Amino acid sequence: MKKIVTLSCLIICLTSCKDEKDTSFSIITDRVGKLDRISLVRDLDIIYENDSIVKDSTIANRANNSKKIKIFEKGGKPLLTLTPNSDSIPTIENIRIEDPRFTTEKGVGLNSTFKDIKDNYTIRKVITSMNNVVILLKDSDVYFTISKEELPSSLRYASSVNIEAVQIPDDAKIKYMMVAWD
């Protein structure tokens, strides 16, 4: 009987002890790596205590309230560029992913292609700009920018053409990966 109880305890212990997954570079709902939707700008020094934080303090950007905050790993590799909102207690409004190690829970990141996006997500809308197309996803805060240089030449130089998802080649590379939190 004693052996059965000991064996039961051992089995419970082993099954409850799971390998903790490193989420330092994961993008999931309401979370990007160490940041979450309610992270305060004033807490960034604590959240990224082992990294470097560079705050934008140029006069030109102060005038239009654009205050970018860049997060670098020790050693200088860029991780994220953050844009705070203008609330009285600011949180993060936009995040530009700078490091290809950041991926969504479906494995899509900066090293992915348009095919990876469309195979894993429902595309809500494609917005055409002068030099890029922006891919907005349904039910996600993540969006992607693809350079028009990745498109066929017939679409590359036509500024008035609204580009649709079916016109974007599967092998088109991602230029920017962003997360927008309202």
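Laboratory data are not the source of any read-out in this text; all were calculated from the coordinates shown. The shown structure was predicted, so the numbers you read here are calculated from the model rather than taken from an experiment. Because the Cβ atoms are built from the backbone with ideal geometry, glycine has one as well, and the counts that use them run over all protein chains shown.
Residue pairs exceeding 20 angstrom between C-alpha atoms, taken from 34/175; 77/115; 68/173; 34/68; 74/173; 55/173: 34/175; 77/115; 68/173; 74/173; 55/173. With a cut-off of 9 Å between beta carbons, the residues surrounding residue 85 carry a summed charge of -3, where Lys and Arg count +1 and Asp and Glu -1.
With K and R counted +1 and D and E -1, the other residues having a Cβ less than 15 Å from that of residue 170 yield a net charge of -2.
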